[in-house]
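The values are calculated or read from the model by the stated rules, or taken from the named source; none is laboratory data. Keep in mind it's a predicted model, so treat the numbers as computed, not measured. Here the Cβ positions follow ideal geometry from the backbone for every residue, glycine too, while neighbour counts run over all protein chains shown. Areas reflect the complete protein model, heavy atoms only, side chains present, ligands, DNA and RNA absent. Shrake-Rupley method; radii C 1.70, N 1.55, O 1.52, S 1.80 Å.
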Amino acid sequence: PKLGLHQNKRLETEVYTTVIDSWYMPVDVVWFKKDLRARDHAPLVSASLSGRPVICLFVLEPERLELVDTDPIHIQWELDCATELSTTLRDSGADLHFAVGDAVSILEELNRSHGIERLLSHEETGNSWSFERDRRVLKWSIDKGIEWLEWPHNGVVRRLKSRDDWKRHRDKRMREALSDPPFFANSIPFNGPIPSLGEFGFHPRELLMRPEPGESAAIRKLHSFLNQRGREYRWAISSPTLSVDHGSGLSPYFSSGSLSMKRAVQETSSRIEWIRENRSMVNGPGDWIKSLSSFRKRLAWRCHFIQKMEMEPNLDMVAQNPAIDMNLERELDNARFDRWRMGNTGWPFLDACMRQLRSTGWINFRMRAMIMSAASYNLWLPWKDTGNYLARQFLDYEPGIHWSQIGMQSGTTGINTIRAYSMTKQGRDQDPEGEYIRKWVPELSMVPTKFIHEPWRMPEPLQRDLSCIIGKSYPSPILDEVESRKSGVSRSYAARRGEEARAISKRVLQLHGSRSKPRRRGRGDSNGVQKKLF
């Protein structure tokens, strides 16, 4: 602006200096998305070495709250992790800038006020919405002549030409050096407020046993697993009760990026080697090695499934095998859907799992598969409706894993075994005394163990004595579990028939199939998958 000679000379000097600084000292912007940590953060390290002023940026995007797979608990968790990150960055000489709005608009505003030389971030493998958001940011950065540098995230390989090379790339990345938070000598300060979801009329549901947010909490959780809690991991993870204590508990931190995958892999490997070299100093060294080795394999499988979303960013919208999905002809039955989501199906173990999930935002992997199996095969509900509901329940919602698993468990990939779980069998295996059921389904708290998994078999006089009338105090089974499961499996295999479905399945296998050597299987169907009831 033209100040004129008659105006205040001091003001003129300040404005002139600001213009010169903006013109000759453009900034680096480190955009934090699903990488809310200061350690093992290559964009942050690059910014610290550039010599330019740095803006560390976290954007709360209200548009996400309108998405069918997003719940306020997700945004609140990320916001809490970002708040913890701001403390770590401040100790390193940097400020985390909190902004609310569309990412392109926020970046445009920063570019006008400071001038952006480089935009630095990790790659993000999210849902269809985040994919399109990043495409808009890329177009904006090209139009503005701003260099956007993206570093790989976890074990996902962008622009991978063949799955044959994936494991080599992933394992090499997991061996890269770990890094501490860098130090910043020139950072743009932030004096604004940290946003609140309440400002937008959203109030996340309160979760029982919600984990402590942030990077420091994630590292403490990792160390407690590797040193105290993990010995029974291999045997405990199938149980919805034992997995709470002996599972890693790291999935919410992975989903927010508060813990890097390579740190988890390297520290696990180091712990395994230490135990091997110091067996006499460890209680149950063989158990520890088996459990931690199993955990390390699951970390690799996590990357494997997210890679599918990277290669097909619309898996939350389109089934991997659309021909099979169309042949299934599933339609939303609102009455069945409501009873399933509320945990009122009349199948006690499933209902307990659904209620735990809604209350805590977490449940172990096997129960997630069983929940989806019941929805897909017993209740014949469409995968997209049930998948979106479950996405909103999981605090650790990771789109790449979630939608890959939804496809597998709903039978819409064409390359995976149809896993139709017997809920009664799972209940008896994982909760033989019914304690888990009684905790989450208090209507059945007085039911004897003999009937806890099938309370509808209680004699009517006993129901009256216990004040637990099936069909009134607790619902009768929504369907016959055995017959509905058999029917669902039969219809699912029938949907795989036909040239188009088989041709697409071959393409899916080539694009996404694991390159690990398959285990020997029994006699299977025409697609080489074995029918298996759990």
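Restricting region 156-210 to residues that are open to solvent by less than 30 Å² (accessible area, probe 1.4 Å), part of a loop (DSSP other than H, G, I, E, B) and closer than 30 Å to LEU65 by Cα, the residue that is modelled with the highest pLDDT is LEU207.
Picking from ARG112, ARG52, which residue would you name as being open to solvent by 30 Å² or more (accessible area, probe 1.4 Å), farther than 25 Å from CYS303 by Cβ and not in a helix (DSSP H, G or I)? Give the derivation first.
On the way: ARG112 fails: not in a helix (DSSP H, G or I).
Among ARG112, ARG52, only ARG52 is open to solvent by 30 Å² or more (accessible area, probe 1.4 Å), farther than 25 Å from CYS303 by Cβ and not in a helix (DSSP H, G or I).
Quick check on region 279-292: of everything there that is surrounded by fewer than 15 Cβ atoms within 10 Å (Cβ to Cβ) and touching a Lys or Arg at 6+ places or on another chain (Cβ under 9 Å), which residue is nearest to THR268 (Cα to Cα)? The residue in question is GLY286. Of everything listed in (1) under 17 Å from LYS34 (Cβ atoms); (2) surrounded by fewer than 20 Cβ atoms within 10 Å (Cβ to Cβ); (3) touching a residue at least 60 places away in the same chain (Cβ under 8 Å), the single unmet condition for LEU120 is (2).
Could you check how many residues of region 131-149 are touching a residue at least 40 places away in the same chain (Cβ under 8 Å) and surrounded by fewer than 20 Cβ atoms within 10 Å (Cβ to Cβ)? Step through it out loud before you land on a result.
Step one: filter region 131-149 for residues touching a residue at least 40 places away in the same chain (Cβ under 8 Å), giving 131, 133, 149.
Cutting the leftovers down to surrounded by fewer than 20 Cβ atoms within 10 Å (Cβ to Cβ) gives us 131, 149.
Selection size over region 131-149: 2.
All of (1) farther than 19 Å from LEU379 by Cβ; (2) crowded, with 19+ Cβ neighbours inside 10 Å; (3) free of Cβ contacts under 8 Å to residues at least 40 places away in the same chain hold for GLN430 with one exception: (3). Working only within region 305-339, note down all residues that are in contact (Cβ under 8 Å) with a residue 60 or more places away in the chain and aromatic (Phe, Trp, Tyr). Selection gives PHE305 alone.
The set of residues in region 302-322 being farther than 25 Å from ASP71 by Cβ and either among the acidic types (Asp, Glu) or surrounded by fewer than 20 Cβ atoms within 10 Å (Cβ to Cβ) (or both) consists of MET311, PRO322. Return the residues of region 379-426 that are of a type in the set (D, E, K, R) and at pLDDT 95 or above; say none if nothing qualifies. Listed by number, the residues that qualify are LYS384, ASP385, ARG392, ASP396, GLU398, LYS425. Look through region 366-401, keep the residues that are within 19 Å of SER492 (Cβ to Cβ) and of a type in the set (D, E, K, R), and return whichever of them is nearest to the chain's Cα centre (by Cα). Filtering region 366-401 for residues that are within 19 Å of SER492 (Cβ to Cβ) and of a type in the set (D, E, K, R), the one nearest to the chain's Cα centre (by Cα) comes out as ARG368.
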